[in-house]
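Asker: Here's a structure for you.
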Amino acid sequence: MSASPFDITSELSEEELQNIVADEIMRRSKRPEPSLQPEAVPSVVGAGSLIGKDVVHGKLLDTLLGEFEDIRNDPERQARQMDQMERTYQQYLDQGNNPVELFIPKKDTWAAWQDPQGNDVVWYDPSAPHAAVMAHELGHVQMNHSEDVLSQLQTSGVGRISGNMALPIGAAAGAAGAYIGGNYNRPRVGAALGAALGALGGSGNFAYELGGASGRAMDYLPEDVDQEDAYGDLFRAGMTYGMAPAGGLIAGLTTGAMVNARRKARMAGQVFL
C-alpha cells in the first residue's frame, strides 16, 4: 500500500508545528491599527455592519463545522473522503502545479501559506478529510506561483488589506458619493453609487478567495466527488469572506444617508449635531 501524500515526515516537533499554526492564524487575523481607521466612521455604522456580518458569518461557519463533525462520526465516509482528498492532490500535481512542501495536520484548521523561503505549506484536518476544501487550499498554492490579477491580489497582500478595511472604505466612499451627488441634485444616487464602489474596493480578499482559489479548486476534484455539493461547500465558505464587502456596502449607505440628512438640515437652516 502506497503512503499517503499527507503522511507527515517533517522533523519539526509537535510544539513547533503548533507554534507555526498559531503564528499564521495570528497573522491572518491582524487588523489595521486604530490610528489607521478613519475617525469619520460613525459608531452606529460599524455596529450595524458588524452585527449583521457576525450573524451570517457565524451561521456559515456552523454549517461547515457541522459537516466536519458528521464526517468524523462516520468512519466509512471518512475513509472514502480521505481517498478522494488524496486523489485531489494527485490531480492537482498531474496538471503540472507546484508540489506542496509541507502538509500540517490539525483539527478544524484549513489554510495555505507560503513561508519566507518560498515553501508552500498547507494545514488540513485529517479527522474530517474534505476534497473540496483541500482543493481550495491547493488553489491558493497554485496562485502563489501565478501572475494573473487575482493571484496578485493574494500574493501582494492588497486583497487582504482591502478586506480588512472594507468598512472604512465603504463609509468614506458613501460619504464622498453623497457629497458629490448633492452638488448635482442627486444625493441619494451619489450615496448609493459611492457605497457600491466602496464595497467593490473592499472586496479584494473575497475576490481571490471565491473567484481565485475556489474557481481553481473545481478543476482538481476527481470525478466521483459530487460537483454540486462541492460547489455549495466552497460557495458557503467563500461567502464568509463576502461579509466584508457587504459590511462596506452597509457602512457606505448609512454614512451617505447621514451626509444627506446633514445637508438637508443645513439647507433648512437647522442645527445638526
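The values are calculated or read from the model by the stated rules, or taken from the named source; none is laboratory data. Quick caveat: nothing in here was measured; it's all calculated off a predicted structure. Note that we place each Cβ from the backbone using ideal geometry, even for glycine, and neighbour counts take in every protein chain shown.
Asker: Among the residues of the stretch 182-216, write down those that are surrounded by 22 or more Cβ atoms within 10 Å (Cβ to Cβ) and under 14 Å from Ala257 (Cα atoms).
Answerer: Pro187, Gly190, Ala191, Gly194, Ala195, listed by residue number.
Asker: Can you confirm whether Leu167 is under 30 Å from Gly256 (Cα atoms) and under 14 Å from the mean Cα position of the chain (by Cα)?
Answerer: Working: under 30 Å from Gly256 (Cα atoms): yes; under 14 Å from the mean Cα position of the chain (by Cα): no.
It is false that Leu167 is under 30 Å from Gly256 (Cα atoms) and under 14 Å from the mean Cα position of the chain (by Cα).
Asker: Which residues, counting only those in the stretch 89-129, are over 19 Å from the mean Cα position of the chain (by Cα), of a type in the set (Phe, Trp, Tyr) and part of a strand (DSSP E or B)?
Answerer: Phe103
Asker: Can you pull out every residue in the stretch 187-205 that is without any contact (Cβ under 8 Å) to a residue 60 or more places away in the chain, part of a helix (DSSP H, G or I) and more than 21 Å from Met267 (Cα to Cα)?
Answerer: Our first condition is that a residue be without any contact (Cβ under 8 Å) to a residue 60 or more places away in the chain; within the stretch 187-205, this holds for 189, 193, 196-205.
So of that shortlist, the ones also part of a helix (DSSP H, G or I) come out as 189, 193, 196-201, 204-205.
Matches in the stretch 187-205: Leu193, Ala196, Leu197, Gly198, Ala199, Leu200, Gly201, Gly204, Asn205.
Asker: If I ask for residues that are surrounded by fewer than 20 Cβ atoms within 10 Å (Cβ to Cβ) and touching a Pro at 6+ places or on another chain (Cβ under 9 Å), which ones from the stretch 121-163 would you list?
Answerer: Passing the criteria: Asp125, Pro126, Ser127, Ile161.
Asker: On to the next question. Can you pull out every residue in the stretch 156-178 that is without any contact (Cβ under 8 Å) to a residue 24 or more places away in the chain and either closer than 15 Å to Ile250 by Cα or charged (D, E, K, R) (or both)?
Answerer: Of the residues in the stretch 156-178, the ones without any contact (Cβ under 8 Å) to a residue 24 or more places away in the chain are 156-157, 176.
Hit for the stretch 156-178 is Ala176, nothing else.
Asker: Testing Glu223 on (1) over 25 Å from the mean Cα position of the chain (by Cα); (2) part of a helix (DSSP H, G or I), one condition comes back false. Which one is that?
Answerer: (2)
Asker: Also, quick follow-up: Checking the conditions here, which among Ile169, Ile180 is under 13 Å from Gly247 (Cα atoms) and part of a helix (DSSP H, G or I)? Please lay out each step first, then the result.
Answerer: Details: Ile180 fails: under 13 Å from Gly247 (Cα atoms).
Only one candidate passes the filter, namely Ile169.
Asker: A further question follows. Just for the stretch 69-111: of the residues that are among the aliphatic types (A, V, I, L, M) and at pLDDT below 90, which one is nearest to Met218 (Cα to Cα)? I'd like the intermediate steps shown before the answer.
Answerer: Let us first name the residues in the stretch 69-111 that are among the aliphatic types (A, V, I, L, M), namely 71, 79, 82, 85, 93, 100, 102, 104, 111.
Pick out the ones that are also at pLDDT below 90 and you get 102, 104, 111.
Values: Leu102: 22, Ile104: 23, Ala111: 17 Å.
That would be Ala111.
Asker: Here's another thing I want to ask about it. Output the number of residues of the stretch 69-104 satisfying the condition of being surrounded by 14 or more Cβ atoms within 10 Å (Cβ to Cβ) and free of Cβ contacts under 8 Å to residues at least 12 places away in the same chain.
Answerer: Number satisfying all stated conditions: 4.
Asker: So if I check each of Ala128, Ala173, Ala178, Ala79, which one is among the small types (Gly, Ala, Ser) and touching an Asp or Glu at 6+ places or on another chain (Cβ under 9 Å)?
Answerer: Numbers: Ala173 fails: touching an Asp or Glu at 6+ places or on another chain (Cβ under 9 Å); Ala178 fails: touching an Asp or Glu at 6+ places or on another chain (Cβ under 9 Å); Ala79 fails: touching an Asp or Glu at 6+ places or on another chain (Cβ under 9 Å).
From the options Ala128, Ala173, Ala178, Ala79, the qualifying one is Ala128.
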